[in-house]
Every structure is written in C-alpha cells, then in structure tokens.
1. If the elastic network links every pair of Cα atoms under 10 Å, which of Glu131, Glu75, Glu191 fluctuates the most in the Gaussian network model of the chain?
2. Answer rounded, prolate or oblate for the range 324-419, using the Cα gyration tensor with square roots of eigenvalues a ≥ b ≥ c: rounded when a/c is under 1.5, else prolate when a/b is larger than b/c, else oblate.
3. Restricting to the chain, what percent of DSSP beta bridges are antiparallel, rounded to 5?
4. Label-point separation (nm) for Thr110 and Glu143, each offset 7 Å from Cα along Cα-to-Cβ?
5. Shape of the range 170-235 from its Cα gyration tensor (a ≥ b ≥ c, root eigenvalues): rounded if a/c is under 1.5, otherwise prolate when a/b > b/c, or oblate?
6. Taking amide H atoms as placed 1.01 Å from N in the peptide plane, list the residues 5 or more away in sequence, or in a different chain, whose amide H sits under 5 Å from that of Leu259.
7. If amide H atoms are built 1.01 Å from N in the plane of the peptide, which residues on other chains or at least 5 residues away come under 5 Å of the amide H of Ala158?
8. Could you tell me the calculated FRET efficiency between Arg211 and Glu384, based on Cβ-Cβ distance and R0 = 41 angstrom, to the nearest 0.05?
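Each value in this text was obtained by applying a stated rule to the coordinates, not by laboratory testing. Given the structure is predicted, the values throughout are model-derived calculations rather than measurements. Ideal geometry is used to build each Cβ from the backbone, glycine not excepted, and the neighbour counts take in all protein chains shown.
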Amino acid sequence: MTGKPYLEAVRQQYEALPYPPRDPADETRRLVLATSGNLLVINHHCFGGRRDFRRGFRCLVAGGGTGDTTIFLAEQLRHSDAEVVYLDLSTASRAVAEARARVRGLGNITWITASILDLPQLGLGRFDYIECCGVLHHLESTEAGLAALNTALADDGAIFLMLYGRYGRRAVYDMQQLLRELLPPGLPIPEKIRLTRQLLATLPATNGFARDYEQWRSEIEAGGLGDAGLYDLLLHSQDRCFDVPQLYQLAAGAGLQLLSFAHRADAYDPRNHIGDAELSSLIAGRDLASRQALAEQLVGNLRKHEFFLARQAGRGATLADAGLALRSFGTLYDNASRLAADMQPGRVLRYTDPEHSLPIRCTPITQQIYAHMDGGTSIGRLREQVLAAVPGTSTEQFRQELQQVYDQLHPRGYLYLIEARRYGTTVPDYSRLR
C-alpha cells in the first residue's frame, strides 16, 4: 500500500478524463437509469419489498464519478427526506455531477471529495444503502475497500457492488498486457490514447480484441464514451477481475452475505445454458455458489458482476409474502397488461425485445397474472380473483403458474415484488423517469 488512500495514477486519470463522460445540459431531456440506483430493484433484493423510503433513508454512492447513480437516486427521492451522499476522489468528476444536479434542481445531495478508504475517518454515520459501482477493482486492495464500506453500513443495510468479470473480459486483459509491453513508460495520457488508437486501427483480424471489437465499440469510439472510455477500458493503471468463487470469498472476508445478482441474473443459472438432460443431472445437488460458478464459465461473456451484499441472508422479497404485489419492469413495464389482452388460452405468445425472446404459455391463470402486474394488487388478492375468475382452479395450480411466471421474468429483470399499494407513498413512475 502507498502512503495515500488512493493510487495517484488513478486519481490523475479521472481528473483528466471524468468517467463516464456526461454533458450536464442533457439533463433537460433525459435521465440516465441505473439498476444499482433503482429503488424498485433495491427494495425487492434488499428489503423484502417492504421498505418505506419516505423517512430517514440514507444512501451513499461511493465512487460517484460523473453522477449517474447519484442523480437517479436523488430524482426518485426528490419528495422525501432521504439523504443521498456522493463520494469521489476526483474533483473534475464531482464538478460534472454537481452541474447535472443543478440543472435538475436537486437539493438532496451531500457532496464529498475523498477516497473510499477515508470512510472510517469521515464521520458520515451509517447508511441504509451503499452503492459502489466499478470502483473497488481499481483500488490497490479491493478487500480494504469493501472493509471501509462495511464500516459505514447500517446493521440492516445493504451494499451494491459492480466488479469486473474474469471470463467476459479476457480479450480486454490481453490487450491491456500488450499495451503495457508496447508503450514506453511515463507517456502523457493524450499520447497513450493516440498510440492506442493507432494500434487498434492496425490489429490483425486474428487478435482476440479485434474479434470482439463490436462488443466494445460503444465504450471506446467517439460516438460512445470516447477517450475516457478507451483509457478506462484498455489503459487503466489498476484493474482487477473476479470470478464467482472470488466474489463469495470477498464477501465472506468482510463478514457479508451475497444476496443475489442484479444484472443478467438468469445467466448465473447453468440450467439456462445446458439443454441436455444427462449433463443437467451432473449439476443436481450442487450448492448455489457452485452452480453459479459453473454458469459463469458456461456462458463465458459476463463482463461484469452486479450483486447485493448484506450482513444477513434472506433479505429478498418472495412469493410466499401474500402482502406483496407484482410490478412489471424493464420493457415489460408498460406492456404486461397489453400482453394479457392478447393472450389466447392454448397458444404460445412470444415477447421479444433487444435483450430476450421469451415464449409465454397462455393460460387463463397466466393471463390474470399478467393483467395484474401493477404494484397494487397483492398476491393474496390476486389469488382470490383468479380462483373466482377461472372455474376449477385450485390454490396449488395458481401457485405453480405464478412461480413459473416469476421464474421466467424476475431473473431477466422484468418482474419485482413490492408491498401492495405502498412504495414510499406511491410506486415511482418509471415511465416518466426515462
């Protein structure tokens, strides 16, 4: 470890190239959404779907960068007494984030320039929720960073982390190594960027990064994240990756439980990648962490891990809580009731968006379930309505079909559970917050 609570080269990078690059003027026309700052997602995974965010809620965005999650959280919490604390070591990044907040007229953010490793000495108190996205893998010690976050976590609070994936970024790490060996040490940042772009333009087609170039294009080209994205991806001075077993080891070392994955959760289930019955039988009996580790290797393209941590396990909402309601989300947010109207029993309806293509087996029960993904009809009330509306339906039939719908939609980010008719005061209008 150095004498400073951060690596100087990392600080210099984000002073020169605030990340991700954002124009505060864009706040007049769009809101950047972030899974890690979505109160619906947070409530489901961390607070059993029953958290009331109206009073006394405190959240820390540790490594807030140019403000995406900070702004999104503050916008959702605008009409509450909740406090959003932004923490970052880059004054340039903070300046962008503050400018974005001013454009939106947000006054519920506390701004702090410091390192995550300073947290134990800052006296900020405890937080109900800590978001730390893409930061800890840029510290000298990820373990020390998580330990610092843990000192600021309320006993019943939760942490969101995003850490780079080992298998999905193989080509990136090969390119990073090539650039370390090729570029002379001590080059200024602009010169490193110039020479890297020159190299990318001449890579042979057989190069691993060249083969995968399309998936990284938006991060490094001018139409995407530009120079800031290129430097962050290929020239970062401190970049560590993790596989699933290492995530569990990291959590255990801090005395924390890995609650669930928040992004591409379906990819962590090996059953979604193996269709062969004999091979699938080899997975039976393995614990959850082992199955997730196998799935990561099977799918091979998990570029990042996004997951929730807490001191106690079993924090997520479940279908067993009859007081919770279904709330469709993602591209299904406005479409669930429309799909229900189009359902004809006995048919298979296919729902397709840029992420997934899902076959929906249409039955009278499933039609009723889709028609009530409104956040207002409790599971208990829905069950009563289905039993009355669909003659001959048993409670067990309803339970089985509800479970099937949930298992298909929730891991793909299309469905969450919240306390019926309560979400602070109302369910945030995510059709407006876009």
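1. Glu191
2. On the way: a/c = 1.79, a/b = 1.26, b/c = 1.42.
Taking the square roots of the gyration eigenvalues as a ≥ b ≥ c, the range 324-419 is oblate.
3. Details: 23 of 45 bridges.
The antiparallel fraction comes to roughly 50 percent.
4. Rounded to a tenth, the inter-label distance reads 3.1 nm.
5. On the way: a/c = 1.72, a/b = 1.14, b/c = 1.50.
Oblate shape, in that a/c is at least 1.5 and b/c is the bigger or equal ratio.
6. Those lying under 5 Å, H to H, from Leu259 are Phe308, Leu309, Ala310.
7. Result for Ala158 returns Tyr129, Ile130.
8. Numbers: r = 55 Å, r/R0 = 1.35.
Calculated transfer efficiency: 0.15.
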